[in-house]
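The values are calculated or read from the model by the stated rules, or taken from the named source; none is laboratory data. If you're wondering where the values come from, they're calculated on a predicted model, not measured in any experiment. Reconstructed Cβ throughout: ideal geometry from the backbone, glycine too, with neighbour counts over all protein chains shown. To get the accessible areas, we keep the full protein, side chains included, count just its heavy atoms, and leave off ligands, DNA and RNA. Shrake-Rupley method; radii C 1.70, N 1.55, O 1.52, S 1.80 Å.
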Amino acid sequence: MCIRDRSLNDVTIIALSGIFSRKDVENFPSSVTAVLVGESLMKSSNPINKILELSGRKITYVKICGICDVETAIETAQSGVDFIGLVFAKSRRKLEIENAKKIVDAIHKYRNRSQIDLPLPLNLETIEGRYTWSCNSLISSLSICSPLIVGVFADQDISEVNSIANAVGLDIVQLSGDEGFQSISKIHKPTIKAVHVGNEPSDKVLEKIKPEAYGILLDTVDPNARGGTGKTFDWNIAKDICSKIPVMIAGGLNPSNVGPMVSSVHPFAVDVSSGVETDGKKDSQKIRLFIQRAKGLNL
């Protein structure tokens, strides 16, 4: 049967060519029921995020922390991760400088770009404005360079933090100890500050958050560890805070619970380490599944 002999109601109309943004998709008439995308995916730093953007869905960004070798780093990048975390704090996942350099060099080659200079934060009047601006800045940077490399430190001398960050080639520093927000001004890289959450109400957690950081990570308080504990905190606290400022959520996440948490809490990003490990080592299958479920993909 020739197409002219059929009702258009029986025909699937697919648009193609020149589709690079959600606006391009929205400009097609309602009779178009699908789009065929090629070049924009090929040029994208993260094809998974590009598909979500074109479909008009909210993107939840993902950080996989505690990467210890080049092979896992590349497999994680290929799975669509947005941030790769390298640990320099006291931990079984702590990296030596030379090993960290090998991982960073491999990621630079993968993303066809070395270090990226994130914009300097604006002096906005409110904490809400400050962290909304910085998260938008991260989104913009990730659209051209992904994944970004985060170095995790805890209660270390600032000169050591700066020395390692510069030597290794980190994009971002994360402070996961009891460092005060005031120490951030001395760090040469954009800095994410971990805020540890116990049983206190959300307004008390918000009081801990100051405007000096580039981003905020909420993680479970533990007197014996600075992250990677596999323990959750009350996600109702996280939900209340996420309704006010964009934050990253860590603590006890895994492929089974990250989807429901994201659907309920709506964080800017999620962070996982032990939840994607098997027998203490990163599990590529769990990493892929975690990323897919965090981003709401049914693959």
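Figures for the structure shown
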read-out	value
Lys94-Gln182 pseudo-label distance in nm [points 7 Å out on the Cα-to-Cβ vector]	2.8
Residues in the range 183-208 reached by a label modelled at Asp234 [backbone nitrogen below 13 Å; 7 Å Cα→Cβ]	197-206
Protection-proxy order for peptides 65-78, 103-116, 238-251, each taking the mean of Cβ atoms within 10 Å per residue, highest first	238-251, 65-78, 103-116
For the range 142-299, convex hull of alpha carbons as volume per residue, Å³	130
Cα-projected label distance for Ser159 with Ser284, points at 7 Å along beta-carbon direction, nm	4.3
Principal axis box of the range 59-178, alpha-carbon based, largest edge first, Å	41, 33, 22
Where Rh is the Kirkwood radius over Cα pairs, Rg/Rh for the range 196-273	0.92
Cα shape, the range 107-206, gyration tensor, a/c 1.5 rule	oblate
Spherically averaged projected area in nm², based on the convex hull that wraps the Cα atoms of the range 239-283	3.1
Per residue accessible area of the range 136-225, 1.4 Å probe, in Å²	37
Calculated log₁₀ intensity ratio I(q)/I(0) where the Debye formula runs over C-alpha points of the range 86-150, q = 0.27 Å⁻¹	-1.06
